[in-house]
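The values are calculated or read from the model by the stated rules, or taken from the named source; none is laboratory data. Computed from a predicted model, the values in this text were never measured in an experiment. Every residue, glycine as well, gets a Cβ built from its backbone with ideal geometry; the counts of neighbours run over all protein chains shown. Ligands, DNA and RNA are excluded from the accessible area calculation, which covers all protein heavy atoms including side chains. Shrake-Rupley method; radii C 1.70, N 1.55, O 1.52, S 1.80 Å.
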Amino acid sequence: MEGAELVGKILFTWLTLVLGLILLPSAFGVSLGISEMYMKILVKTLEWATLRIEKGVPKESVLKNSASVGIIQRDKSPMEKGLSGLRGRDFELSDAFYFSKKGLEAIVEDEVTQRFSSEELVSWNLLTRTNINFQYISLRLTMVWVLGVIIRYCVLLPLRVTLAFIGISLLVIGTTLVGQLPDSSLKTWLSELVHLTCCRICVRALSGTIHYHNRQYKPQKGGICVANHTSPIDVLILTTDGCYAMVGQVHGGLMGIIQRAMVKACPHVWFERSEMKDRHLVTKRLREHIADKKKLPILIFPEGTCINNTSVMMFKKGSFEIGGTIYPVAIKYNPQFGDAFWNSSKYNMVSYLLRMMTSWAIVCDVWYLPPMTREEGEDAVQFANRVKSAIARQGGLTELPWDGGLKRDKVKNTFKEEQQKNYSKMIVGNGSLNSESD
């Protein structure tokens, strides 16, 4: 009995501290200064660790800095210019050297597949999985790392799991209850309140620190918010500052439970990507949604998959064929405190969240950009590229033309055929020139 009473007291004290110091302040969007103090201590600790690493292995540090910008110096000139130094006006066997060089560059370090794995940090942040080049440096630094493991797994993890469980439970229960009400302004208000409150609790469960910029450009009702996509928590990051009607792929497991509960309280649109018929239904529903200026702005991630925190890949044109006003948003995470990227082909949702909850914190910047509309004579692809460029510039991200679907699919044959056609045109063109001169 005494043991049971002791466990009960510990559990009661734990829940009281969580409720009073974290849960209630986060629900009302206020801070007691605990997160700020934690972040200051963390920054000082990581700065000290960086200095110790630089003193211990200065040469290796230099190599890491140089490797962070790539190990290949690429020649980005077009095929015609690249081949001009290797061939004459007709076909020559030396043309194979150009294609061999391009192939070797892609094997050693291509621009695409490295965007589907976690970025390598220049300096270690005391998280084992975020720097593969870490080696033993000093006993003091190792002791700090061991202390960090104890804090992250024995203190922060139980606290974060408790907050996440409360936040997700309240979201599922709250949206289910609100969904039983008839459509009215009261239902809309309660739905937004539940979403905002629960998302703020869940962000606290990740020790989230978010810096919002240019709030005067926040997405308005009846519009479409498009953002680069790094992680499923992008939704939490944005919903902490405002509510959205979400569009995305149907998931299973924990994510599926949350999706089914949320759609009862708010007209979110979930669909199966494999069914083309659903795409037409989604387009129709989205157009009907933005036609009603009283409905929440739609949140879309046009890349269609999670890309690591370094780049922005091709935006699917479907989001830009709907019409209406586009509100671009750039999201950039600070990898020094934790890796927010979700490699969905390697980790399921629960494993990913566990990795997030054992990181130091999630720190990111969110930039709201001026609204954009499709210009006269501009097609959907050009509009999508213009929006993508604006997001990449603001977020300091690399802009890539590649389709994010390459994470799971092979390069389409049409792309290979296009390169072959370009080369054949050069040969045919040079051949015709030779025949004319003869």
*Rank these by accessible area, largest first, 1.4 Å probe: Asp183, Asp379.*
Asp183, Asp379
*How many Å² of accessible area per residue for the stretch 334-410, probe 1.4 Å?*
47 Å²
_Accessible surface of the stretch 334-382 [probe 1.4 Å, protein heavy atoms]: carbon and sulfur percent_ = 53 percent
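Could you order peptides 260-269, 225-234, 38-47, 171-180 by the average number of other Cβ atoms within 10 Å of their residues, highest first?
The packing order, highest mean first, is 225-234, 260-269, 171-180, 38-47.
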*How much accessible area per residue does the stretch 211-259 have, in Å², with a 1.4 Å probe?*
35 Å²
_Volume of the Cα convex hull of the stretch 291-376, divided per residue and given in Å³_ = 145 Å³
_Links that overshoot a 31 Å alpha carbon limit, given the list Lys332/Lys421; Lys40/Lys264; Lys218/Lys346; Lys295/Lys316_ = Lys332/Lys421; Lys40/Lys264; Lys218/Lys346
*For the stretch 133-273, what Kirkwood radius comes out of the mean inverse Cα-Cα distance, in Å?*
17.4 Å
*Computed accessible area, Met357, all protein chains, 1.4 angstrom probe, square angstrom*: 20 Å²
*Over 27 Å, how big is the tail of the calculated P(r) for the stretch 190-315, in percent of all Cα pairs?*
15 percent
